[in-house]
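Colleague: Got a structure for you, written out below as structure tokens; questions coming shortly.
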Amino acid sequence: MTSRPLANPAPAALADRAEFERAALEGLSRAPRAIPAKFLYDARGSQLFDQICELPEYYLTRTETRILHDCAPRIAELTGPGRALVEFGSGSSVKSRLLLDAMTDLAVYAPIDISREHLDATADKLRRDYPGLRVEPVCGDYMAIDTLPDSVPDARRLGFFPGSTIGNLTPDEAKAFLLRARRLLGDDGALVLGVDLRKDPALLHAAYNDSAGITAAFTLNLLRRMNRELDATFDLSGFAHEAFYNEEEGRIEIYFRSLRSQTAMVAGWRFMFAQGERVHTEYSYKYDIRTFAALVDGAGFRVGHTWIDDESLFAVHYLVAESKVD
Ligand SMILES: C[S@@+](CC[C@H](N)C(=O)[O-])C[C@H]1O[C@@H](n2cnc3c(N)ncnc32)[C@H](O)[C@@H]1O
């Protein structure tokens, strides 16, 4: 048996790095500058996101968890036994446990996530906590995945897309995601999807500008990741997190902003940043129930059931695959 020296990164890690380098160089070379949100999630980014979920200002996680806690038995009833549960952007799979607990007799759980180390660690924890459950992690981009491992049966797939992660996508991207999920989940598929609702902008502003500065650390972790993986030379003290609600577009916009005129090297290329210049990192679209139903309608699903909390902060939808897909 041959063994690879530990110092050599695995091919998958090299491919991840190459993709990150391409996206960062391209995103910093265009105007206005933007780096796709998926690159916020390296191992540290995933840990910081878990901390965000615990923040008092971040009502999203606790509200969605409460809704799921109440509706999980009904979801299990609607889907029936023997399903494969396929999660998109699974993170620490905390909410998934509510479905795993309610859906006895699951064929397999396939969490899909871009954050490789975090996904593997989460899968190990789940195997320990659910010894009878087959866990098949898939590391990849859910905007690009066409097939699932052979161990995930083709029929009776239930998708799960919580966390209002769909809000990170523009409406066109969200539609493309839903069409892809529809193909992946099949004709008898269904999708449980959590989405943040439009609300008082002050509440939204607070959720993305927490007083402990964790969301800021999450945004600036992208610079730290470029320093580590792309030999970049960002001085983190020269940049700040910026997040605000754009009422007209119905979305939170997040950037890192240069606090002074400065330059930084990234993978051998020099970039200049003017004082006040912003680099976009993330959107978080907020939907009302009607607009979201219209989005879903043109994308291979129909809304079967909707659960909303008492304060109308957040919605969990049970989407049923339409027989015809465009
Ligand atoms: C907002 S977090 C939600 C995590 C978890 N589902 C929850 O509800 O708390 C988004 C998750 O999706 C993953 N992610 C983001 N973009 C992705 C992409 N394009 N493909 C696969 N995973 C992605 C991140 O690594 C992260 O775990």
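Colleague: For residues in segment 29-43 being within 12 Å of the ligand (Cβ to nearest atom) and in a loop (DSSP other than H, G, I, E, B), which is nearest to Glu173 (Cα to Cα)?
Modeller: The qualifying residue nearest to Glu173 (Cα to Cα) is Pro36.
Colleague: Check segment 267-274 and report whether any residue there is farther than 26 Å from Lys199 by Cα, within 27 Å of the chain's Cα centre (by Cα) and not in a loop (DSSP other than H, G, I, E, B). Walk me through it before giving the result.
Modeller: First, the residues of segment 267-274 that are farther than 26 Å from Lys199 by Cα: 267-274.
Restricting the remaining residues to those that are within 27 Å of the chain's Cα centre (by Cα) gives 267.
Subset that is not in a loop (DSSP other than H, G, I, E, B): none.
Checked segment 267-274: no residue is farther than 26 Å from Lys199 by Cα, within 27 Å of the chain's Cα centre (by Cα) and not in a loop (DSSP other than H, G, I, E, B).
Colleague: Would segment 153-164 turn up any residue that is free of Cβ contacts under 8 Å to residues at least 60 places away in the same chain, away from the ligand (no atom under 11 Å from the Cβ), assigned to a loop (DSSP other than H, G, I, E, B) and of a type outside the set (Lys, Arg)?
Modeller: Start the filter on segment 153-164 by keeping residues that are free of Cβ contacts under 8 Å to residues at least 60 places away in the same chain, which leaves 154-155.
If we keep only those that are away from the ligand (no atom under 11 Å from the Cβ) as well, we get 154-155.
Restricting the remaining residues to those that are assigned to a loop (DSSP other than H, G, I, E, B) gives 154-155.
With of a type outside the set (Lys, Arg) added as a condition, the list becomes 154-155.
Yes; the residues of segment 153-164 include at least one that is free of Cβ contacts under 8 Å to residues at least 60 places away in the same chain, away from the ligand (no atom under 11 Å from the Cβ), assigned to a loop (DSSP other than H, G, I, E, B) and of a type outside the set (Lys, Arg).
Colleague: While we're looking at this one, here's another question. Could you run through segment 110-135 and say how many residues are assigned to a loop (DSSP other than H, G, I, E, B) and more than 18 Å from the chain's Cα centre (by Cα)?
Modeller: 5
Colleague: Among the residues of segment 268-285, which ones are surrounded by fewer than 21 Cβ atoms within 10 Å (Cβ to Cβ) and within 29 Å of Arg157 (Cβ to Cβ)?
Modeller: Selection gives Tyr283 alone.
Colleague: Give all pairs with beta carbons closer than 7 Å in which a residue from segment 201-217 that is within 17 Å of Gly163 (Cα to Cα) and hydroxyl-bearing (Ser, Thr, Tyr) meets a residue that is at pLDDT 95 or above and part of a helix (DSSP H, G or I); count only pairs at least 6 apart in sequence or on separate chains.
Modeller: Close Cβ pairs satisfying both conditions: Tyr208/Thr215; Thr215/Ile52.
Colleague: If you don't mind, there's one more thing I want to ask. For segment 44-54, state whether one or more residues are part of a loop (DSSP other than H, G, I, E, B), within 16 Å of the ligand (Cβ to nearest atom) and either exposed (fewer than 14 other Cβ atoms within 10 Å of the Cβ) or on the phi < 0 side of the Ramachandran plot (or both).
Modeller: Taking every residue of segment 44-54 in turn, at least one turns out to be part of a loop (DSSP other than H, G, I, E, B), within 16 Å of the ligand (Cβ to nearest atom) and either exposed (fewer than 14 other Cβ atoms within 10 Å of the Cβ) or on the phi < 0 side of the Ramachandran plot (or both).
Colleague: When residues of segment 290-319 are filtered for being crowded, with 16+ Cβ neighbours inside 10 Å and either touching a residue at least 24 places away in the same chain (Cβ under 8 Å) or over 17 Å from Arg74 (Cβ atoms) (or both), how many remain?
Modeller: Of the residues in segment 290-319, 16 are crowded, with 16+ Cβ neighbours inside 10 Å and either touching a residue at least 24 places away in the same chain (Cβ under 8 Å) or over 17 Å from Arg74 (Cβ atoms) (or both).
Colleague: Going through segment 63-95 one residue at a time, which ones are outside any strand (DSSP E or B), within 11 Å of the ligand (Cβ to nearest atom), within 20 Å of Thr306 (Cβ to Cβ) and not β-branched (Val, Ile, Thr)?
Modeller: Of everything in segment 63-95, those that are outside any strand (DSSP E or B), within 11 Å of the ligand (Cβ to nearest atom), within 20 Å of Thr306 (Cβ to Cβ) and not β-branched (Val, Ile, Thr) turn out to be Glu64, Leu68, Lys95.
Colleague: Going through segment 64-104 one residue at a time, which ones are modelled with pLDDT under 95, touching a Pro at 6+ places or on another chain (Cβ under 9 Å) and of a type in the set (Gly, Ala, Ser)?
Modeller: Gly82
Colleague: Six or more apart or on different chains, Cβ under 6 Å: which pairs go from a residue in segment 61-76 that's within 15 Å of Ala102 (Cβ to Cβ) and touching a residue at least 40 places away in the same chain (Cβ under 8 Å) to one that's part of a helix (DSSP H, G or I) and of a type outside the set (S, T, N, Q)? Could you list them?
Modeller: Listed by first residue and then by second, the contacts come to Leu68/Leu98.
Colleague: Which condition does Val296 not pass, out of (1) of a type outside the set (S, T, N, Q); (2) out of contact with any strand residue (DSSP E or B) (no Cβ under 9 Å at 6 or more places or on another chain); (3) in a helix (DSSP H, G or I), if it passes all the others?
Modeller: Result: Val296 passes all but (2).
Colleague: Would you point out which residue out of Leu40, Leu85, Leu99 is crowded, with 22+ Cβ neighbours inside 10 Å, under 27 Å from Asp146 (Cα atoms) and not assigned by TED's automatic domain parsing to the domain that holds Arg134?
Modeller: Leu40
Colleague: Let me ask something additional. Within the group Pro111, Pro149, which residue is over 21 Å from Val195 (Cβ atoms) and in contact with an Asp or Glu (Cβ under 8 Å, 6 or more places away or on another chain)? Walk me through it before giving the result.
Modeller: Working: Pro111 fails: over 21 Å from Val195 (Cβ atoms).
On inspection, the qualifying residue turns out to be Pro149.
Colleague: Exactly one of these conditions fails for Thr263: (1) outside any loop (DSSP other than H, G, I, E, B); (2) surrounded by 21 or more Cβ atoms within 10 Å (Cβ to Cβ); (3) more than 20 Å from the chain's Cα centre (by Cα). Give me its number.
Modeller: The failed condition is (2).
Colleague: Further question on the same structure: I need the full set of residues from segment 126-151 which are within 16 Å of the ligand (Cβ to nearest atom), under 15 Å from Arg83 (Cβ atoms) and hydrophobic (A, V, I, L, M, F, W, C), in order please.
Modeller: Val135, Leu148 - these are the residues of segment 126-151 that are within 16 Å of the ligand (Cβ to nearest atom), under 15 Å from Arg83 (Cβ atoms) and hydrophobic (A, V, I, L, M, F, W, C).
Colleague: Looking at Val192 and the list (1) in contact with a Leu (Cβ under 9 Å, 6 or more places away or on another chain); (2) more than 12 Å from the ligand (Cβ to nearest atom), which single condition is not satisfied?
Modeller: For Val192, the exception is condition (2).
Colleague: A follow-up question, please. Test Ala155 against the criterion of being within 24 Å of Gly250 (Cα to Cα) and aliphatic (A, V, I, L, M), and give yes or no.
Modeller: So Ala155 fails the test.
The values are calculated or read from the model by the stated rules, or taken from the named source; none is laboratory data. Computed from a predicted model, the values in this text were never measured in an experiment. Heads up, the Cβs are rebuilt from the backbone with ideal geometry, glycines too, and the neighbour counts pull from every protein chain shown.
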